[in-house]
1. Evaluate the distance, in nm, between pseudo-label points positioned 7 Å from the Cα of residue 249 and of residue 365 along their respective Cα→Cβ axes.
2. Give, in nm to one decimal, the length gained when the segment between residue 145 and residue 279 is fully stretched (0.36 nm per residue of separation minus the Cα-Cα distance).
3. Express the C-alpha Rg of the range 98-155 as a ratio against the empirical globular expectation 2.2 N^0.38 Å, rounded to two decimals.
4. Principal axis lengths of the range 144-300 from Cα atoms, whole Å, largest first?
5. Determine the gain in length on full extension of the stretch residue 374-residue 738; use 0.36 nm per residue of separation and subtract their C-alpha separation, reporting nm with one decimal.
6. Arrange 479, 262 by Cβ neighbour counts within 10 Å, fewest through most, would you?
7. Starting from the Cα of residue 596, step 7 Å along the direction of its Cβ; do the same at residue 341; then give the gap between the two resulting points in nm.
8. Measuring from label point to label point, each 7 Å out along Cα→Cβ, what is the residue 585 to residue 137 span in nm?
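Quick note: the coordinates plus some simple rules give every number you see, no bench work behind them. Keep in mind that this is a model prediction, so the values were computed, not measured. A quick note on method: Cβ atoms are made from the backbone with ideal geometry, for glycine too, and the neighbour counts reach across all protein chains shown.
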């Protein structure tokens, strides 16, 4: 009996010395623990930041140690965003250690957790990393999917570094797929951005991959590509040596070896390749060691066994004492009771955690299903709108085109009145189609805020000029109160701002008869290179009821059925205003009283531009068309619709241009082979081969002829694809004749001046 009690006591002592303290540390919620949850979070964040810094400096052992410590603390912390970040950082470490399968699994978990936390910035990074990982695993379709997801998330983000890191990923992906020319385009675009944003590691890596891609381009005379490859490698080495990127320096040996062999220096090439192989073998040994540590080493139980033996010897000696037996019996019973209570507590705690985990998994499944349904519905709506608008634009092009031609043929006065009505109806229908598409893009987060210099006062005057006729028809006065302390030149998105102002001022004019609409623009605050401006549009029209003010900014919402019948419209304008302002980090406000008028206002933070108003006007002057330059130019119109053929041909011939027509893509390819044209206007949807396929075939034998897509297809989401296959410009149908000739003129001039670029841009 004494031996049994002695053995039990040995187990209890081991539990007290080794197991129980660890269990107490894990139960910091129930036992007085000096570290608060906030302190734990701060410590985890510190470990995470230290791990990220260590990865950047290629100190992977330190990175593994810091990430492991963060993992040990994160277990019971209720912070999905932080958990996702730790797992993402761990995945990043395994990616740099070339342990790609583990990296993919970890980052997949990170994406699931970050998705639940709704942190779009972190989610964009995680999808981007997954794109790089799946490229290394040769899962190219998954890479394309992940990069597109990251792109769509970054569109509404101010994280330029994240957005443009995708250019590097796409360049590597295209090279791995065997498309070195496309890879060079992406990498060149990325290098420019990395220099602007001071991202030296990405710049060095992109230069190395570009040097590698240039060597793989097949050409009868590829000396130019070899020279460019050497230049790219030299630039990469400058950055690598200045920043001491050891791993990238090892990578350069492989490219230098290939260049030496290409120059006929086989011995040098062999020597460089041996250096690369030797250093990479050493590096892989380090990687394997760090991966082992990152995975978590087995516990060292040698010391524990020694303690057990020592405790056992002591207990055997003490067993000889009868008084000690009594003490051990009592102690054993007490400790067994404590262990029973602890076991029961652990059992209940585990049951509660299991139940919570099951509940979380069920909710996660429900959320995933709901998300998939919403995405399918959104895709179906987008496809429906794209199809319907294409079908509407094709006959609408005939309406607007024929109206334009008839108005230029000196119609009689009573005919001119009918043509004006027809023109107004066509423009109204086109405006409605564009409004629906704008709203669809805004709701799908496919609208980007651009940044360019503009003159605010002139922009507002242009809006008022455009609305002056509508105001005169309503016998309503338009008045501006402009704060002259606002700097002349600002930097932002003038088109989006104009769209907001046109909708708001046009709305006030529409509902004001024999009254006044006042536009007030004043400076609220100015700090360094940024200014906060208040925009206010006030009218004394029909006003809006209190009840309707709550829904007036919703899609297809109007004041009432009577107002809809009296004034017309779709109720889309204010919804577009609301969405555009939210995109520009602002919010529309409204004050109104039925029968007395309405006041809309919003505040906008805008950067101050260093360009002067003269510079902006000069840039605008460059876009003017020289119609004399277009006279006599030979144009090929590729169009299957006979009415559209006739309209486009007459518009061109009115401008004294020569025109030839092809009914389909196959005929167009044959004509370009046999005839010299100055420009090709290519429809997209045609019988036989499409306009995209026809353009690709033309580019196989003629890379210089300008090809412009003249199409009713909605192409905003696929601009990159259009330019990649060989189009120089895109003109959506129906078009305004002045914009039509402006794009043709600019395309021809760019082709002659040599200013055109093939580099794709990230939209």
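1. Taking the simple label geometry, residue 249 and residue 365 are separated by 5.4 nm.
2. Working it through step by step, the gained length comes to 44.8 nm.
3. For the range 98-155, the normalised Cα radius of gyration is 1.04.
4. Result for the range 144-300: principal-axis Cα extents of 50, 50, 31 Å.
5. 126.9 nm
6. 479, 262
7. 7.2 nm
8. Reported label-point gap for residue 585 and residue 137 is 3.7 nm.
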